[in-house]
Amino acid sequence: MLSDDGMYNLISRGKGAMPGNSASLYSNGARRCSSNASLRCWSSSRSLELAPRPSGTVAEGAAAPPTEDSEAASITFQDAVTRLQSFWADEGCAMWLPHNTEVGAGTMNPSTFLRVLGPEPWSVAYVEPSIRPDDSRYGLNPNRVQRHTQFQVILKPDPGNAQDLYLASLRALGVDTQQHDVRFVEDNWESPVLGAWGLGWEVWLNGMEVTQFTYFQQAGGKVLEVPSVEITYGLERIIMAIQGVKHFKDIQYSQHLTYGEMFLQASCRKGGWNEWEMSKYNLEEASISDHQTRFRLYEEEAKRMLALRLPIPAYDCLLKLSHTFNVLDARGAVGVTERANSFAALRSLARQTTELWSERREEQGHPLGNALLDCKASTVVDLGQPPAHSPPTGPAPFLLEIGCEELPPADLQHALTQLRQGIPQLLKACRLSHGAVTVAGTPRRLVVNIADLAPQQSAASERIRGPPAKVAFAPDGSPTPALLGFCRKNRIEVKDTVLEADANGADYALAQRLPDLLSGLSFQKSMRWLPGVPSFSRPVRWLLSMHAGTVVPLSFAGVESGDQTRLLRSEASPVKLASASEHGAVLLDAGILVDVAERRASIWEACQSAAASINGSIPEATTHDLLEEVADLVESPTVILGSFDPEFLGLPQEVLVMVMRKHQRYFPVVDPQTNGLLPHFITVANGAVNVDLVRAGNEAVLRARFEDARFFYEADTKKSLEQHREKLESMTFQQDLGSLLDRCKRVFSLVEPLTLACGFDKDTEAVAGEAASLYNADLGTSMVTEMTALAGVMGRHYAEVEGRSSAVATAMYEGILPRFSGDALPSTPAGVLVSLADKLDAIVGLFAAGCAPTGNSDPYALRRAAVGLLGILLQQGVHMDLPALVALASAQLPVPVTPEVRAGVLDFITRRLEQLLLDEGLQPEAVRAALGARAHDPVLAAATARELAAGLAAGPDGALGRVLGATTRAARLVRSQAAAGPAEVRPDLFQQAEEGALHGALQAAEEGVAPDASLAGFVEACAPLVGPLNAFLDGVFVMTEDEGVRGNRLALLRRVAQLPGPFLSVQEVQGLLG
């Protein structure tokens, strides 16, 4: 199975370009940067004042585009390198050199990957040519190359203003950060292969990712003692933007040479000696067998170097191993199992190499020093006594602002939720009366406003139990340390027995407790940026804490509170407040909408207005996840309407929408009548930018992405689905289960028996068979390789392009449904067959191969597959015998399926069905009672559980309650006796009329109930039995001394107790009724 990580999944988290990474001049991860955006820049010494505008309004030419700055436009590629080197050298960085073997990113240069380890300070900058074989495009694509250039900066330790330094470096390149839309957009990096991860951002320049900015947290499986800041510029992308060129070959490399002249041959129309020849090699000519041999040899050599305690040569072998893998991956020679095995080898070598490097540096005594000793967090304010200041004398507003580097949208919302819960609780604990508590936030700030906060704590008395007397006092009567500690903790004297708590000032109480509240905020992933400070989502850079006009002194994350706030990043100077009440107006004047709901509403209104201006509309689906994310990416929204070339509308709409929504966070615009896509998009910039400049940049970025999508689309449509299907043979599904092509064949083989089991006709079988033979063929296409979320979608589209019937195309798409929780289920009979076959093969096969889910680990998404299988059966109302289905799937597998494995599969599916029914709100006992008897048929089991829950709701006097109550009485009596006894009932042994009456009613009930009947049918057939049964139990002494009569009466009751068996678990029913 392939992962569903979205577009460019092979590179989106591959910061180090180890296996699974790929390069793009505009794809996720700026380590593969460049674009054809056309931007005009002012020098950093110039500024443009824009007239105030309402935040969130449609900006249509709010500022005229500036005249192109001759200085910025004249910057060549080598000028940019020189300027960055000069800038960072002035900031104390040493100029390092590129590494002498292929690396996929500057991160992999040992000056980064090894030097971030240990406590030694290290600040360097260097140019790094980065090689990504999978991005080979023969020099024809204007935005993707297999070799691009990065400029890498490492700052260890964090200087405290790394973002400001980075923005200054952009200005050094001639980028006016007041006019351009420069944003930090979450991009957390994780490389399990390297045992490394970090948190940070992509830096966007007018929608184009130009830099990756990361705080390293771990490398080689080691938590970093001193986190490092890594800044990776994509030089081609930045220079294309500054120079306004649309193809990398047109970059002015120097005053006399273009990039194309440096790297291309003018006589070679196909692209040139570098890109064309290396693309030819990477994609067509590289020997797979030779590279597989090289992989083994480099692995062996790396191990040998480790044994000799030579970490540098070992690391070089690791880099060669990585590049060899990437060539194999570009050749399409790496399947799922090979990938997993290769990753395991690389991960082990990376861990051993970093461990050895660290050991060697420690042996040398860390010759560059110890940054841990130099990184001193801010001294915590001594709050032993209330601060000496003049607090307000009456209730007054209180303000807390935690200023951060840009918080990810999910973290922002999670922090706001925790503060909304925690602040009122803190105020209550502090005994501070107050008015309304308002919590709001933007990517750069978390804001708490408390109205009418009391200046003093309310008085309180409290009786506290101390240590026992024998522990509290020494034999001579003097207080022991235990008693003295108790007194210190509770601020009492030894002689006191009742604590009279002091009524401290509000400022003092908050200063004591707020840091603990902030330290307790949790996030999905937290980071450290300096040793000795608590972890947080992103670095904390300022604290504003005021009660009326008084600063409340507190310290958190190495930062002390003050009376200053900061505005947009384009405004460098902080703003001093005279009072907490000024804060809202100051932010609003700067165009900052701190309230999340207000920001969303403003954006949505402006987006709708923009779409309406071209007679379009925005799909309602975007009002949820996309709107929420966009609103949490900006503080001061400026909505900008852009357009793209209508020629791109020839691409599938799903492709265009995915590129816009997922990768650019653009709102697509559709025709409200046809729902067809219009050649327009809407983006949301941050702050009072130059609208025409930003619009042009975003349009160029989108064109670049669409060009790449067209490249993949045209390459795919040159081949048939059968040809794409052939590529699946080289893609391993699972080592024991063969290739993806083998899996496709098994799914096809299941269609015929499933057709019979479902009761579908031959026409449906024919459609499903054709679809099953091709349903995963699109996994071999370039488009799905780049945008895995389009699997199934592209298969359907390519089938239609080939002229296959819509029924077949739809069944191909539905074969992979559902793809995620809440996704649609197959709706056509043929789609149902293909999807059922797909999920049965996956579940049974992977269980047999020992890949069943464990705990939170479910790498093959088998839980989702089981829920999908059940959802299909329940939605379609198809009665299927699960044991028979498992047997069908088992017969197709290349591995044996033991009885234990089959039992495990059935239990796994049953547990998923149980959870589905519980999620409906059904009683757990009712669900278990139904599953205990009918789990083999999910549709029947679900219907029974629902009927049982409804019947039980009517109480013991309802029809179901009376039947179950009576049969349960019989079951209890039988259960209390030995199991042995006659199996048959003999009427000739009856001694009382009640026995005959019960026997007759029992026979009628048994004849009137079919094993697959509904629960209602069971109740209807058994209702006449209730009276005779109760009469028997009330009037007949079952345990008579006559052994024959006693056994006969028990046999009669045993048959009565067994009546619910085909419908409900008798044991669970007895538990239901007590």
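The values are calculated or read from the model by the stated rules, or taken from the named source; none is laboratory data. Please read all numbers here as calculations on a predicted model, not as lab measurements. All Cβ positions, even for glycine, are placed from backbone atoms using ideal geometry, and neighbour counts span all protein chains on display. In case anyone asks, the SASA skips ligands and DNA or RNA and just uses the protein heavy atoms, side chains included. Shrake-Rupley method; radii C 1.70, N 1.55, O 1.52, S 1.80 Å.
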Response to the item:
Residue-normalised value, i.e. accessible area per residue, for segment 77-349 at 1.4 Å probe, in Å², stands at 33
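Nearest 20 debye, what's the magnitude of the dipole of the chain about its Cα centre given +1 on Lys and Arg Cβ and -1 on Asp and Glu Cβ? If you can, show how the numbers build up before the last one.
Numbers: 94 positive and 125 negative charges, 361 e Å.
Charge dipole of the chain: 1740 debye, to the nearest 20.
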Worksheet entry | Residue-by-residue Karplus 3J(HN,Hα) for segment 873-878, coefficients 6.51, -1.76, 1.60, Hz, glycine and proline x | 4, 5, 5, 7, x, 8
Worksheet item: At q = 0.14, 0.18, 0.19 Å⁻¹, what log₁₀ I(q)/I(0) does a Debye calculation on the Cα points of segment 721-920 give, no solvent, two decimals?
Response: -0.77, -1.31, -1.46
Practice prompt. Add +1 for every Lys or Arg and -1 for every Asp or Glu among the other residues with Cβ under 12 Å from the Cβ of residue 826, and state the total.
Written response: -1
Response to the item:
Each label sits 7 Å from Cα toward the beta-carbon; between residue 101 and residue 710 the label points are separated, in nm, by 4.1
Worksheet item: Relative contact order (percent) for the chain, with alpha-carbon contacts under 8 angstrom and 6 or more residues of separation?
Response: 11
Fill in: Accessible surface, segment 858-984, averaged per residue in Å² (probe 1.4 Å)
44
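Where does the longest stretch of the chain lie that holds no trypsin sites (Lys or Arg not before Pro) found in a DSSP loop with 13 or fewer other Cβ atoms within 10 Å?
On the way: sites that count: 46, 269, 309, 376, 463, 465, 491, 495, 718.
The longest uninterrupted stretch comes out as 719-1074.
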Worksheet item: Between segment 113-181 and segment 696-772, what is the C-alpha centre distance in whole Å?
Response: 38
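If I take every Cα pair under 8 Å that is 6 or more residues apart in segment 77-349, average their sequence separation and divide by the length, what percent do I get for the relative contact order?
Numbers: 489 pairs, mean separation 52.3, N = 273.
Relative contact order of segment 77-349: 19 percent.
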Worksheet entry | Under 16 Å from the Cα of residue 745 - aspartates and glutamates, other chains or at least 8 residues apart | 722, 726, 729, 736, 765, 770, 778, 838, 841
Worksheet, complete the sentence: Carbon/sulfur accessible area of the chain, % of total, 1.4 Å probe, equals 51
Response to the item:
Check: C-alpha center segment 275-294 vs C-alpha center segment 613-659, spacing in Å is 39
Worksheet item: Stokes-Einstein D for the chain at 10 °C, 1.306 mPa s, Kirkwood Rh over Cα pairs, in µm²/s?
Response: 47
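If you take every DSSP beta bridge whose two residues both sit in the chain, what share of them, in percent to the nearest 5, is antiparallel? It would help to have the intermediate numbers written out before the result.
Working: 88 of 93 bridges.
Among the beta bridges of the chain, antiparallel pairing accounts for roughly 95 percent.
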Discussion item. Using protein chains only and a probe of 1.4 angstrom, how many square angstrom of residue 494 are accessible, to the nearest 10?
Written reply: 60
Discussion item. Please enumerate, by chain and number, the lysines with C-alpha under 30 Å from the C-alpha of residue 280, excluding those fewer than 8 residues away in the same chain.
Written reply: 15, 246, 249, 270, 320, 718, 719, 727
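Determine, for each peptide in 997-1003, 644-650, the mean count of other beta carbons within 10 angstrom over its residues, then list the peptides with the highest first.
With the highest mean Cβ count within 10 Å placed first, the list reads 997-1003, 644-650.
First measure r as the distance between the Cβ atoms of residue 368 and residue 293, then evaluate 1/(1 + (r/R0)^6) with R0 = 51 Å and state the FRET efficiency to the nearest 0.05.
Details: r = 40 Å, r/R0 = 0.78.
The formula returns an efficiency of 0.80 here.
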Practice prompt. Could you check the simple spin-label distance between residue 393 and residue 355, using points 7 Å along Cα→Cβ, in nm with one decimal?
Written response: 6.9
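Could you work out how much longer the chain between residue 614 and residue 673 gets when fully extended? Use 0.36 nm per residue separation minus the Cα distance between them, nm to one decimal. It would help to have the intermediate numbers written out before the result.
Working: separation 59, 0.36 × 59 = 21.24 nm, distance 1.34 nm.
In short, 19.9 nm is gained.
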Worksheet item: What is segment 954-1073's relative contact order, in percent, from Cα pairs under 8 angstrom and six or more apart in sequence?
Response: 42
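Could you tally the net charge around residue 353, taking each other residue with its Cβ under 12 Å from the Cβ of residue 353, Lys/Arg +1 and Asp/Glu -1?
Working: positive: 222, 303, 309, 347, 351, 360; negative: 316, 355, 359.
Cβ neighbours under 12 Å give a net charge of +3.
Would you mind working out the accessible area per residue for segment 573-619, using a 1.4 Å probe, and quoting it in Å²?
Numbers: 2160 Å² over 47 residues.
Accessible area per residue: 46 Å².
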Discussion item. I need the calculated FRET efficiency for the pair residue 452 and residue 482, taking r as the beta carbon distance and R₀ as 41 Å, to the nearest 0.05.
Written reply: 0.45
Worksheet item: In whole Å, how far is the Cα centre of segment 984-998 from that of segment 313-352?
Response: 79
